[in-house]
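Here the structure is laid out as structure tokens; the discussion comes afterwards.
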């Protein structure tokens, strides 16, 4: 149990580990844990739309795919040109004394090999979270996000992910909460706004 608790404390490091690409984008920011959470939700949604996909395996893979970054930190595309990170060794060291080590390593390796449907969905969920984050930055006025978006979309594998990306790109990121068809924003009532 002690090793399990230590592992869980280590997982908490992901809440404090920043995703580093935002320093080049010039706006935004999130932790690896922030990213992994929404990636898991996206994976759940994508797997639910994909016939024969194991939703639980996809969600677990999405939650665990960046686990080694608690030890290695997040390395963006510029960093990766110069720094070689041994995520396999980091993952092995993280779980070597845990009763779940075989399952976690299997999910980690499956994700990186990207040969199964679940791994492809998980990879797409990872990219879709980035696409959503970039769309939010674009909607907030960062023009640099537009070029990044085009490259992220090109990395998508499954048809459902490609369709979701199209919808993300055509949807304002504030639409889910800002209903400007009511007078709520003026006087606190939900009556339909009068046409002028």
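Summary table below
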read-out	value
Answer from 174, 90 - the residue that is surrounded by 12 or more Cβ atoms within 10 Å (Cβ to Cβ) and over 22 Å from residue 56 (Cα atoms)	90
Breaking point among (1) within 28 Å of residue 10 (Cβ to Cβ); (2) in contact (Cβ under 8 Å) with a residue 40 or more places away in the chain, for residue 144	(1)
Out of 77, 82, sole residue that is under 13 Å from residue 19 (Cα atoms) and either surrounded by fewer than 18 Cβ atoms within 10 Å (Cβ to Cβ) or out of contact with any strand residue (DSSP E or B) (no Cβ under 8 Å at 6 or more places or on another chain) (or both)	77
Output for the stretch 64-83, where each listed residue is within 15 Å of the chain's Cα centre (by Cα) and assigned to a helix (DSSP H, G or I)	64, 69
Top-ranked residue of the stretch 51-63 - restricted to ones that are in contact with a helix residue (DSSP H, G or I) (Cβ under 8 Å, 6 or more places away or on another chain) and in a loop (DSSP other than H, G, I, E, B), ranked as surrounded by the fewest Cβ atoms within 10 Å (Cβ to Cβ)	52
Residue match in the stretch 24-43 (condition: modelled with pLDDT under 95 and crowded, with 16+ Cβ neighbours inside 10 Å)	yes
Criterion: surrounded by 12 or more Cβ atoms within 10 Å (Cβ to Cβ), under 17 Å from residue 24 (Cα atoms) and at pLDDT 95 or above - qualifying residue of 128, 149, 169	149
Answer residue from the stretch 91-102, given it is in a helix (DSSP H, G or I) and either free of Cβ contacts under 8 Å to residues at least 12 places away in the same chain or under 20 Å from the mean Cα position of the chain (by Cα) (or both) and is farthest from residue 30 (Cα to Cα) among those	102
Filtered residues of the stretch 113-131 (kept if without any contact (Cβ under 8 Å) to a residue 12 or more places away in the chain and part of a helix (DSSP H, G or I))	113
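The values are calculated or read from the model by the stated rules, or taken from the named source; none is laboratory data. Everything numeric in this text was worked out from a predicted model, so none of it was measured. Counting neighbours? That spans all protein chains shown, and the Cβs are built from the backbone with ideal geometry, glycine included.
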